[in-house]
């Protein structure tokens, strides 16, 4: 054997087992990472579902409150319109009354 072959054989004998060990470790790490990523993805999906449910619940509450506010506004508007109508009626009655008083001979 030549010196180059001897050096090649020596390097292969020394490096090859280390490379194989590294390859095995990398494969194990990749599997572990895949498992962890799947677990994290599952957690995010679960969190997303919870958040969607909470947002839906909040939207329903907001819609209900908004409907109540609209109903109150309609009621208040109706009350104000009735009060204005009453004020106009009273003004007309007072005006009639004052006209009658002025029309009466003293």
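The values are calculated or read from the model by the stated rules, or taken from the named source; none is laboratory data. Please read all numbers here as calculations on a predicted model, not as lab measurements. Virtual Cβ from ideal backbone geometry, glycine too; neighbours counted across all protein chains shown.
General remarks:
- Any pair with Cβ under 9 angstrom, 6 or more apart, that starts in region 9-33 at a residue that is assigned to a helix (DSSP H, G or I) and ends at one that is at pLDDT below 85: 9/1
- Exclusive hit being modelled with pLDDT under 90 and either out of contact with any strand residue (DSSP E or B) (no Cβ under 6 Å at 6 or more places or on another chain) or exposed (fewer than 10 other Cβ atoms within 10 Å of the Cβ) (or both), set 58, 84, 35, 53: 84
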